[in-house]
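S.K.: So that we are looking at the same thing, I have put the structure below in structure tokens.
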Amino acid sequence: MKKYIPLFIFVLYSVAAFSQAGKKPVAKEKPPTQKEMEAMMKEAEKMMGEISAEDKKMMDSMGIKMPSFKNVPKVTDKQLADAWENENRIVPKRDAARIAAIPNAVTDARMTAYITAVQKSVTAVLKPEVVATGNKAYDYIKSISKNADEAANMAIGFWLAGQSEIALHVLGKICAGNAGNTDNLNNYASMLSMLDAPQLAIPILNNLNAKFPKNSTLLNNLGQAWFGLGEIGKAEKYLDSVIRIYAYHPQANLTKAAIEESKGNTAKAKELVKNIIFMMYHLIL
């Protein structure tokens, strides 16, 4: 029972935030300009210069390094404004490049080749030590597991232990060896989305969704993947389908609430978050 309490508290906080937002409009903060940033940097440099030699020695003994203000890259007002906008976004900005790169369809016959290609591209960006550990883990799991389901559960254990990249690498190898296991494919696609590669997950999820229509788990995973790419219209279509099937689905409701808040529909956002509270309340009981 206790494991549900942190999420419950987070949800209550979310509702409070929506409620406060609805009481009175808050003036929109403006991003700092290049001139303002330079002034702040000079002020910070001045403050660092006023630190005594004794304090610097103490900080050094604690492993705290003094920041350097040399060779600080210059940024334009536009770059600052873009960074400010991205930092304060409720929903992701539409990523046209990654959306355009998504294949139209991956058939069952092509799934093994697709997973192998995805695995290759993912491996290329992982640290060598992660890949090495993942390969060893895969070899061990393969030697002791009875089937693909058992092997995948062991891979998921790495995820639950906080080793998400190792989990992704191992599960990818398992899926490449058995691309017909739909549960493993769905979990692999979900991991790809959560590790910021939703464009790679969508072809897998589209394939599964065609086989298992009206499956709330698949529909939610598709909604979250499209949301991650900033394709909000498509994300809403899938999330709305999830909520029609399972009104209190926590992840679908929370993401849909963020979308509604981004549109200024605070009342609707609060209603969606309350659905999660209702579900969590009954789980705790």
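S.K.: Give me P(r) over region 95-164, computed from all C-alpha to C-alpha distances, binned every 5 Å, as integer percentages.
M.R.: 3, 13, 15, 22, 20, 14, 10, 2, 0
S.K.: Could you work out the Rg to Rh ratio of region 127-182, with Rh taken as the Kirkwood radius (inverse of the mean 1/r over all Cα pairs)? Spell out each step's value before the answer.
M.R.: Values: Rg = 10.3 Å, Rh = 11.0 Å.
Radius of gyration relative to Kirkwood radius: 0.94.
S.K.: Can you give me the orientation-averaged projected area of the convex hull built on the Cα atoms of region 213-277, in nm²? Please report the intermediate quantities before stating the final value.
M.R.: Numbers: hull surface 15.0 nm².
Computed as one quarter of the Cα hull surface, the answer is 3.7 nm².
S.K.: A follow-up question, please. Ignoring any ligand, DNA or RNA, what whole percent of the accessible area of region 111-191 comes from carbon and sulfur when the probe is 1.4 angstrom? List each step's numbers first, then the result.
M.R.: Details: 2210 of 4030 Å².
Result for region 111-191: 55 percent of the exposed heavy-atom area is carbon or sulfur.
S.K.: On average, how much accessible surface per residue is there in region 82-170, in Å², for a 1.4 Å probe, leaving out ligands, DNA and RNA?
M.R.: Details: 5590 Å² over 89 residues.
Per-residue value: 63 Å².
S.K.: How big is the accessible area of T116 in square angstrom, nearest 10, if you roll a 1.4 angstrom probe over the protein chains?
M.R.: 70
S.K.: Can you give the direction-averaged projected area of the convex hull of the alpha-carbon atoms in region 141-240, in nm²? Don't skip to the end; give the middle numbers.
M.R.: Working: hull surface 24.9 nm².
Answer in nm², one decimal: 6.2.
S.K.: Got a sec? What order do S145, S52 fall in by accessible area at 1.4 Å, biggest, i.e. largest, first?
M.R.: Values: S145 25, S52 50 Å².
The most accessible residue leads, giving S52, S145.
S.K.: Here is a further query. Whole number in Å², please: accessible area per residue of region 213-255, 1.4 Å probe, ligands, DNA and RNA not counted. Working shown, then result.
M.R.: Working: 1800 Å² over 43 residues.
Computed with neighbouring chains in place, this is 42 Å² per residue.
The values are calculated or read from the model by the stated rules, or taken from the named source; none is laboratory data. Remember, it's a predicted structure, so these values are computed and weren't measured experimentally. Just so you know, the surface numbers come from the protein's heavy atoms only, side chains and all, with ligands and any DNA or RNA stripped out. Shrake-Rupley method; radii C 1.70, N 1.55, O 1.52, S 1.80 Å.
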